[in-house]
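Below: the structure, in structure tokens.
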Amino acid sequence: MTTYREYKSLCQEISRTGISHYTVEEASNSVDALNDRQFVIMKHDVESAPRKALEMSHIEHAFGIKATYYVHSHFLHDSGGVAIFREIRNLGHEIGYHFDPLDSNDGDTRRAVLEFKQALSRFAENGFNVRTVCPHGNPLK
């Protein structure tokens, strides 16, 4: 982890150098990204602190950088979490699903698939069109 001041310096340097930057979705769907010799993909796994993610999204936005924020679906159970991630999305960032249903269902694939689908529905119901996902994973399971 880094401080906001250090992160701001990183974003400022990326912006200053003119290096291309993409969300995960943009990089996977962009001919420009395939042709770029140097580029940055900014990706964040939001584990426990949506407000910190919001602060980082504002720093990136100030330098014209878009990032991907992978979010656990439990953050969408309350209006406060939904509002934070809507604000992040409205700054131009991608919201993706940070999933771990195999872990939470002790490897039961039937239940894991059901949980995965329910989570994607929760994202959609809250106005998030999830285009990319990122596994969370638990090394103890």
- Item | Lysine pairs with alpha-carbon atoms under 25 Å apart, the chain, spacing 8 or more or separate chains | 9
- Query: Cα gyration tensor of segment 1-68, axes a ≥ b ≥ c as square roots of the eigenvalues: rounded (a/c below 1.5), prolate (a/b > b/c) or oblate?
  - Reply: oblate
- Item | Accessible area of segment 1-130 divided out per residue, in Å², using a probe of 1.4 angstrom | 57 Å²
- Item | Between segment 1-75 and segment 99-127, the alpha-carbon center distance in angstrom | 25 Å
- Message: Please list, ordered by chain and number, the residues whose modelled amide H lies under 5 Å from the amide H of His21; skip anything fewer than 5 residues away on the same chain.
- Response: Val40
- Using alpha carbons only, how many degrees (0 to 90, rounded to 10) separate the axis of helix 50-62 from the longest principal axis of the chain? 30 degrees
- Query: What ratio of Cα Rg to 2.2 N^0.38 Å holds for the chain?
  - Reply: 1.11
- Message: Given the DSSP H assignment, sum -39500 (n - 2.57) over each helix run of at least 4 residues in the chain and divide by its residue total; what's the result at 222 nm in deg cm²/dmol, nearest 500?
- Response: -15000 deg cm²/dmol
- Which percent of the accessible heavy-atom area of segment 65-141 goes to carbon and sulfur, probe 1.4 angstrom? 52 percent
- Note on the structure: Amide H proximity to Tyr70 below 5 Å, modelled H, separation 5+ or other chain, gives His44, Asp45, Val46, Gly96
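The values are calculated or read from the model by the stated rules, or taken from the named source; none is laboratory data. Computed from a predicted structure; not experimentally measured. Calculation scope for accessible area: heavy atoms of the full protein, side chains included, ligands and nucleic acids excluded. Shrake-Rupley method; radii C 1.70, N 1.55, O 1.52, S 1.80 Å.
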